Amino acid sequence: MRASAVVNQCIRLGSRHCGKLVTVVVEDTHLRVLRGEEEITARPRKTPGPVTRLYVKGMGTREKRRATPDDKLSGNS
């Protein structure tokens, strides 16, 4: 079984959803995982705090991007 981490919480989706694009809806008290219009699972949230970071991993999520003049430089460079 495959598991995905959302808001520091593992959600097991099962092998039939492996490699498929899903949408995770983060609500105040629950996490809902949707594939198209179908709700795959709903789980209660273990951490009620706000979501402050977003990191997506999977095929096609890391597109090559070129810098633009509007990009801000980090303080580390």
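Values quoted throughout were computed directly from the atomic coordinates according to the rules given, and no laboratory measurement underlies them. All values derive from a computational prediction rather than experimental measurement.
The table for this structure:
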item: Net lengthening on full extension, R43/L21 (0.36 nm per residue, minus Cα-Cα); result: 6.1 nm
item: Alpha-carbon gyration tensor eigenvalues x 5, square-rooted, for region 3-44, Å; result: 16, 12, 8
item: Vicinal HN-Hα couplings computed from phi for region 47-55 (Karplus, 6.51 cos²θ - 1.76 cosθ + 1.60; Hz; Gly/Pro x); result: 10, x, x, x, 8, 10, 10, 10, 9
item: Residues with amide H under 5 Å from that of R45, placed H, sequence gap 5 or more; result: H30, L31
item: Built amide H within the under 5 Å cut-off of V6, gap 5+; result: I11
